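Okay, so here's the structure we're looking at.
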Amino acid sequence: MKQSFEVIYFEFTAPLHISNARADDYGVSEKTIHSDTIHAAIMQSWAILGKTEWIKAIPDFTISSLFPFTPKLKTNEMVHFFAKPFLKPNAGKSEVRTEDAKKFKKIKYVDIPHFESYISNKEVASTTDSIQDSYQTFDAIDKDFMTSDVQPRIKRPRDEQQDSKPFYTERIFFKKGSGMFCLVQYENESIRKQVKAALNLLAENGIGTDRAVGNGQFKVSFGKIDIEIAENTNYAMNMSLFCPESKSNLAEILEDKNVKYEIIKRGGWLSEPHNKLRKRSIYMFKEGSVFRINAAKPFSKGKTVDLLPALPSKIENPIYRVGKALFLPVKL
């Protein structure tokens with residue numbers, strides 16, 4: 001069954017740096033912008049706009065993490081990539097040659113046709129013709145549409161009594177017409193307008209690290225894509241970072257031999273003017289994890305946690321880390 005999803009496109013017009021798990025190692029940038037980062041950036045934009053009541057209401061929208069897109073070389077039609085699921089591909093009767101296995105292990109992103117095969121348990125083409133560096137697609141693309149470089153910088157310590165130190169930072173670049181996108185589901189028209197207002201401001205201010213020097217700026221646009229999803233299944237895969245609501249909910253979705261997942265720690269420093277304070281940390285399930293669900297019962301899609309530091313501060317609004325995820329059904 002084809003399902004239509006609303007999409008937000010981020011076409012970056014400036015270099016991008018996304019802090020890694022340590023949040024202090026600027027020499028390496030994340031290549032994925034997780035859903036909780038986008039949620040936090042949107043809520044920070046609301047705060048700048050003076051709409052703190054929108055934050056305290058806990059937003060009624062769900063977004064996936066950001067994934068890359070790039071145009072085809074001949075037609076400029078967009079090729080959308082998703083993170084490779086934690087699923088074993090159905091190779092049918094064909095077998096992957098031993099000398100090709102390493103090439104398949106390097107795949108990090110798959111285009112929509114391959115992604116649909118993964119989540120519907122349909123046969124996935126097992127030829128190396130579909131592999132372009134870390135991308136799997138039969139379309140002709142510029143596989144270097146996302147590149148990076150390392151730039152020397154001077155670090156201003158959070159403690160003003162310390163001396164500045166040199167360091168290196170990795171910056172991500174996208175070629176024109178390429179960028180990142182996410183799936184989005186709005187609960188109502190009001191929240192749609194609130195999100196768009198935040199994104200218009202965010203596009204000017206930028207996202208990620210070093211926004212003060214022009215990093216992370218982008219053009220925002222909106223569209224739709226169709227994805228063939230599985231039917232009549234008791235498994236689902238998260239397209240966003242996911243934080244279960246309770247221990248009982250956690251036990252229910254994990255008690256199955258077919259469940260596959262990875263866990264990631266989320267936290268880091270607050271943004272200015274509170275950038276000397278660390279948020280509390282939380283663990284979440286990474287995108288592409290597969291969980292057991294009961295199709296006959298409502299499925300809890302996660303919770304939002306306030307990571308406001310335990311130490312006294314002048315911060316009046318909550319520091320939300322959104323663990324509410326967008327899920328797709330998966331057939332095993």
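Some notes on this structure:
- The residue pairs whose first member lies in segment 165-190 and is within 20 Å of PHE327 (Cβ to Cβ), whose second member is modelled with pLDDT under 90 and part of a loop (DSSP other than H, G, I, E, B), and whose beta carbons are closer than 6 Å, counting only pairs six or more residues apart or on different chains, are GLU187/ASP60.
- Within segment 39-54, the set of residues being more than 18 Å from GLY302 (Cβ to Cβ) and either open to solvent by 20 Å² or more (accessible area, probe 1.4 Å) or hydrophobic (A, V, I, L, M, F, W, C) (or both) comprises ALA41, GLN44, TRP46, ALA47, ILE48, LEU49, GLY50, LYS51, THR52, GLU53, TRP54.
- Test result for GLN151, within 30 Å of PHE61 (Cβ to Cβ), open to solvent by 40 Å² or more (accessible area, probe 1.4 Å) and in contact with a strand residue (DSSP E or B) (Cβ under 8 Å, 6 or more places away or on another chain): no
- For segment 193-224, a tally of residues being part of a helix (DSSP H, G or I) and β-branched (Val, Ile, Thr) returns 2.
- Candidates PHE222, PHE174, PHE181, filtered to the one that is open to solvent by 40 Å² or more (accessible area, probe 1.4 Å) and hydrophobic (A, V, I, L, M, F, W, C): PHE222
- Residue in segment 170-180 that is out of contact with any Phe, Trp or Tyr (no Cβ under 7 Å at 6 or more places or on another chain) and not in a strand (DSSP E or B) present: yes
- Hits in segment 225-258 (condition: touching a residue at least 12 places away in the same chain (Cβ under 8 Å), open to solvent by 60 Å² or more (accessible area, probe 1.4 Å) and either in a helix (DSSP H, G or I) or of a type in the set (Lys, Arg) (or both)): GLU252
- Looking only at segment 195-205, residues that are in contact with a helix residue (DSSP H, G or I) (Cβ under 9 Å, 6 or more places away or on another chain) and either at pLDDT below 95 or open to solvent by less than 20 Å² (accessible area, probe 1.4 Å) (or both) come to 5 in all.
- For segment 206-219, a residue qualifies if it is at pLDDT 85 or above and either open to solvent by less than 20 Å² (accessible area, probe 1.4 Å) or at positive phi (or both), and the qualifying residues are GLY206, ILE207, ASN215, GLY216, PHE218.
- Scanning segment 44-67 turns up no residue that is under 30 Å from PRO166 (Cβ atoms) and modelled with pLDDT under 85.
- Evaluation of LYS303 against the conditions (1) at pLDDT 85 or above; (2) in contact with an Asp or Glu (Cβ under 7 Å, 6 or more places away or on another chain); (3) open to solvent by less than 20 Å² (accessible area, probe 1.4 Å) shows that the sole unmet condition is (3).
The values are calculated or read from the model by the stated rules, or taken from the named source; none is laboratory data. All of these numbers come straight from a predicted model, not from anything done at the bench. FYI the Cβ positions are ideal-geometry reconstructions off the backbone, even for glycines, and counts take in every protein chain you see. These area figures cover heavy atoms from the full protein model, side chains too; ligands, DNA and RNA do not enter into them. Shrake-Rupley method; radii C 1.70, N 1.55, O 1.52, S 1.80 Å.
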